[in-house]
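Q: Starting off with a structure, shown below.
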Amino acid sequence: MSEGSKRFIRGFTYVLGSNLTGLLANSVLIFGLPFVLTTEEYGYWQLYQFFSLYLGYVTFGITDGVLLRYAGSLRRDLRAGSISSQFWILGLLVTPMLGLIAYISSQFETDSVNEVLLWAAALGSMLFIPRTLVTSSAQAANELSRFAMLNSIDRVLACVFTVGLIALGVRELYWLVLADLGAKLIALAVSVVVERSLVFSRWPSFKGVVSETCANVRAGSMVLVANLSVILVPGVARFVVEQYWSIEEFGMVSLAFNVSNMLLVVVMSLSITVFPALRRLDRRRYPTLFEAARSVITPVLFAILLLFYVVAAAVDWLIPDYGPAVLFLSILFPAFVYEARLRVLASNFLKAIRRERTLMWINIASVAAIVPLSWLGASVFHSIELTLATVLLVTAIRCAVSEAVLTRIIGGRWLSWAVIDASMVCVFLVTTIWLPLPLGMLGYGLVCAGYWLGVHRRFADGAAALRSAM
C-alpha cells in the first residue's frame, strides 16, 4: 500500500473514530432521555438542540473561508498570526450578533420555556463558534488526529455530565441544558490550550487583519450560505411541525431526524477526509474519480437502509410511546442516501473546482422549494407525513441537479444513476410504509440483493480506481 493510501486511511480512521465517539454520546442522549423525560420535556430538549444547530451557523463565513483557502496546506504554511486574529475577531463579532438574534426572536415567543431555551442556545453558540475556527484550521492542515479530538470533546462531555445528573436523580430540563453549556465551555478551553500557538500568535498589521478577514468572508460566505441551506431543508419542515402540531409530536419528529442523521456519521468522516485530498489531485482525474466513487458509495448506502428495520423494531420494543416516530423515520431514511452522496461527492467536487457559488444557488433554490411545499403539507393537508415527504423530495432533486451540473462541468453521466436511485427509494418506501416490518425487510432485502448483483462489476471497477487514486 502506498504512503498516500496509508495517510488517507489513517486520517479517515481518526475522523471516523471521533465521529463514532460523538455518535455514541449522542445516541445515549437521543435514546436514553425518552426513558427519564416526559414526551413534553423531551420535545423541549429537542427544541433547544434545534435552536443550537442554527445559531451555530452565525460565523459570517470566516471559518469556511479559512478551510476553503488553506485546505491542502501543511501546518507550517498556516499563517499563525492571521489565524489568531480571525479567532478573536470571530468571537467579537458573533457575541453581539447572537445576543441581537436571541433578543429579537424572543419578542415573538409566547412560551416562556422557549424563550429561556433560545437564550441558552445563543450562549452555547458563543462558546461553540470560535472553536470551529480552531478545528477548521486543523482540518485544512490535514492534522486529522487533532481535529478528531477537538471535534468530539464537547459531545462526550455533554453525555458524561447529563448521565451524571440523571444518576444523581436530577430530571429538570434546565439542568440538562446547563450540562450542555458546561461541556461547550470546557471544550473551548481545551481547544485554546491545545492550539495556543495559533490562538495567541502575534497579529499582522491592522490592514493585514482587515484584508484577511475580508478574504475569508468573501471565500466562505457562499459556502456558509450553501451549508446553511442544506440544514434549512429539514429545518423548515421541523419548524412547520413545531408551529402546527404539539411539542410532543415535534419531539417525535426530531427523534426521527436524529436517527436519520446518525447514519451520516461515517459519511461526514469520509467527506472531511476527502476535501483536502481532492485539492491535491490533478483536476483531469476528477471525472474518473467521481464516477468511481459514486459506483462504490451508492450501493453501500442502499445496503445501509436495511438498518431501518432494526431501528424500527428497537423503537417499538424499547419506547413504544414513540411509535409514530417509526413512520416518520421510514420517510426520512431514504433522504439519507441522497444527502450522504451530496456531502461526499457533489459538494466536495464543486468546492474543489471553486464552484461554491453554484453550490450556494442550488441549495438556496432547495430552501425556496421546501417552504411552500411543507406549508401545503401542514396547513392544507394537515399531514405530518406529507410535510416530511417534502424533505425527501427536495433532497432528491437537489442531489440530481448538483450531480447534473457537476458532470456537465467535469464530464460524466448522471441520468441513469438518478433513475435507478429513484426506483430503489420507491421500493423502500412501499415496503416500509405498506408492509408489516418482517415482510417489508424481506421484500427490500431481496430487491437490494438483486441491485447488488446488477452493479457488482461496476462496484469492483470503482473500488480499483479509488485505490489507484490514493
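Q: Of the residues 36, 94, 113, which single one is closer than 18 Å to residue 131 by Cβ and β-branched (Val, Ile, Thr)?
A: Matching residue, one of 36, 94, 113: 94.
So that you can scan it fast, the table gives a plain yes or no per residue for (1) more than 25 Å from residue 249 (Cα to Cα); (2) in the same structural domain as residue 331 (by TED's automatic domain parsing); (3) in contact (Cβ under 8 Å) with a residue 40 or more places away in the chain:
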{"position": "369", "(1), (2), (3)": "no, yes, no"}
{"position": "373", "(1), (2), (3)": "no, yes, no"}
{"position": "378", "(1), (2), (3)": "no, yes, yes"}
{"position": "381", "(1), (2), (3)": "no, yes, no"}
{"position": "391", "(1), (2), (3)": "no, yes, yes"}
{"position": "397", "(1), (2), (3)": "yes, yes, no"}
{"position": "405", "(1), (2), (3)": "yes, yes, yes"}
{"position": "412", "(1), (2), (3)": "yes, yes, yes"}
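Q: Take the residues of the stretch 395-410 that are closer than 21 Å to residue 432 by Cβ and touching a Pro at 6+ places or on another chain (Cβ under 9 Å): which is surrounded by the most Cβ atoms within 10 Å (Cβ to Cβ)?
A: 395
Q: Hey, among 331, 297, which residue is surrounded by 17 or more Cβ atoms within 10 Å (Cβ to Cβ), more than 29 Å from residue 465 (Cβ to Cβ) and among the β-branched types (Val, Ile, Thr)?
A: Of the residues listed, the single one that is surrounded by 17 or more Cβ atoms within 10 Å (Cβ to Cβ), more than 29 Å from residue 465 (Cβ to Cβ) and among the β-branched types (Val, Ile, Thr) is 331.
Q: If the requirement is being in contact with a Pro (Cβ under 9 Å, 6 or more places away or on another chain) and at pLDDT below 75, which of these qualifies: 17, 72?
A: Values: 17 fails: in contact with a Pro (Cβ under 9 Å, 6 or more places away or on another chain).
Unique residue meeting the criteria: 72.
Q: Can you pull out the residues in the stretch 340-385 that are among the β-branched types (Val, Ile, Thr) and either surrounded by 23 or more Cβ atoms within 10 Å (Cβ to Cβ) or closer than 25 Å to residue 301 by Cα (or both)?
A: 344, 362, 367, 370, 384
Q: Being touching a residue at least 24 places away in the same chain (Cβ under 8 Å) and closer than 15 Å to residue 89 by Cα: is that true of residue 204 here?
A: For residue 204, the condition - touching a residue at least 24 places away in the same chain (Cβ under 8 Å) and closer than 15 Å to residue 89 by Cα - is met.
Q: Whether any residue in the stretch 426-434 is among the hydrophobic types (A, V, I, L, M, F, W, C), out of contact with any helix residue (DSSP H, G or I) (no Cβ under 6 Å at 6 or more places or on another chain) and assigned to a loop (DSSP other than H, G, I, E, B) is what I want to check.
A: yes
Q: Going through 415, 466 one at a time, which residue ends up being modelled with pLDDT under 85 and farther than 18 Å from residue 301 by Cβ?
A: Working: 466 fails: farther than 18 Å from residue 301 by Cβ.
The match here is 415.
Q: While we're on this one: All but one of (1) surrounded by 19 or more Cβ atoms within 10 Å (Cβ to Cβ); (2) modelled with pLDDT of 80 or more; (3) not polar (S, T, N, Q) hold for residue 275; state the number of the condition that does not hold.
A: (2)
Q: Among the residues of the stretch 194-204, is any hydroxyl-bearing (Ser, Thr, Tyr), part of a helix (DSSP H, G or I), over 23 Å from the mean Cα position of the chain (by Cα) and closer than 24 Å to residue 126 by Cα?
A: Yes, the stretch 194-204 has at least one match.
Q: Name the single residue that is nearest to residue 87 (Cα to Cα) among those in the stretch 131-180 being at pLDDT below 85 and part of a loop (DSSP other than H, G, I, E, B).
A: 141
The values are calculated or read from the model by the stated rules, or taken from the named source; none is laboratory data. Keep in mind the model is a prediction, meaning the values are calculated, not measured. Methodologically, a virtual Cβ is constructed for each residue, glycine included, from the backbone with ideal geometry; neighbour enumeration extends over all protein chains shown.
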